[in-house]
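Here's the structure we're looking at; comments come further down.
The values are calculated or read from the model by the stated rules, or taken from the named source; none is laboratory data. This one's a predicted model, so the numbers in the text were calculated from it and none came from an experiment. Cβ atoms come from the backbone with ideal geometry, glycine included; neighbour counts cover every protein chain shown. Ligands, DNA and RNA are stripped out before the accessible areas are found, and what is left, the full protein with its side chains, is counted by its heavy atoms. Shrake-Rupley method; radii C 1.70, N 1.55, O 1.52, S 1.80 Å.
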Amino acid sequence: MAIAPKCDRCGKELTEFGAILLSPPNNQSEVHKFHLCVHCYKEIITEFPS
């Protein structure tokens with residue numbers, strides 16, 4: 001990968017494409033973008049009902 005972001009949850013460098021989590025917009029229509037590794041994505045997605 002040309003750009004090597006780190007997972008915002010566990011801090012490890014992404015070695016493969018993971019996920020991007022966007023926050024709800026604030027009053028200025030700004031959002032926060034978080035990078036997630038595949039492992040953290042899989043852990044977070046299991047918390048959602050299927």
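Before moving on, here are some points about what is shown:
- Selection count, segment 2-25, where residues are closer than 12 Å to CYS37 by Cβ, open to solvent by 90 Å² or more (accessible area, probe 1.4 Å) and out of contact with any strand residue (DSSP E or B) (no Cβ under 9 Å at 6 or more places or on another chain): 3
- Where a residue in segment 32-50 is free of Cβ contacts under 8 Å to residues at least 60 places away in the same chain and its partner, wherever it lies, is loosely packed, with under 11 Cβ neighbours inside 10 Å and assigned to a loop (DSSP other than H, G, I, E, B), with Cβ under 6 Å and at least six apart: HIS32/SER23
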